[in-house]
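One structure is given here, and the rest of the page talks about it.
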Amino acid sequence: MRDDASSTGVVERFLALVLIVGGVVGALVSLRLVLYYLHSAGSSSGWVAAVPSAVILWLYIWCVIVGLRLWRRESRGWKWATILFSMQIPIFTVPGLHYDYYAGIAVDVMRGHVARPFALALGANASIWLGPSITGFVYGMNLFACGAAVYLLLRRRMYGRFAKLAPGAPDASRLIG
């Protein structure tokens, strides 16, 4: 029978791997978009189009960094992984705004004006749109991201116990209540 520490290690390593792989896939796609916008469009319009893709590129690079920190069981890896998975939970569209983001795995359940109420996806996607052409209502959630965030939140007291800190860093057990 496994003890609590080893079973936690397996789950956190799996979540770390999801962030790392999803972050790498998302970063590669985003980098390609940034380069495309910079090389194919005029100088001012290219920069305008490249900026949102560059922000998303940074987000996916952050997923890789956080995944590596979670893999090494650093307390800040647990904290940021919880934040990143929480950002992946909501899916919504309201007139003028659409939001859908995931890195790694998405198990989406949606309602409203959708073709498919259930979707499974592997890889990465970031869809954040503003504009008057966006109509209709869609709402839903990424069940995988919700489960990951809840797991990490329930285990937050263990952050300090399993954390590996950089030399000279303060003791994580005093920082995390």
Alpha-carbon radius of gyration plus Dmax, which is the widest Cα pair, for the range 7-162 in Å: 16.8, 53
Ordered by residue, what ³J(HN,Hα) values in Hz, to whole numbers, does the range 9-15 give under the Karplus form 6.51 cos²θ - 1.76 cosθ + 1.60, where θ = phi - 60° and Gly and Pro are x? x, 5, 5, 5, 5, 4, 5
Which of VAL51, CYS146, VAL109 sits closest to the plus end of the dipole of the range 7-162, meaning its Cα is farthest towards the positive end, when Lys and Arg get +1 and Asp and Glu get -1 on the C-beta? CYS146
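The numbers here are math on the coordinates, done by the rules we state, and not lab data. For clarity, every value in this text was computed on a predicted model and none was experimentally measured. A quick note on method: Cβ atoms are made from the backbone with ideal geometry, for glycine too, and the neighbour counts reach across all protein chains shown.
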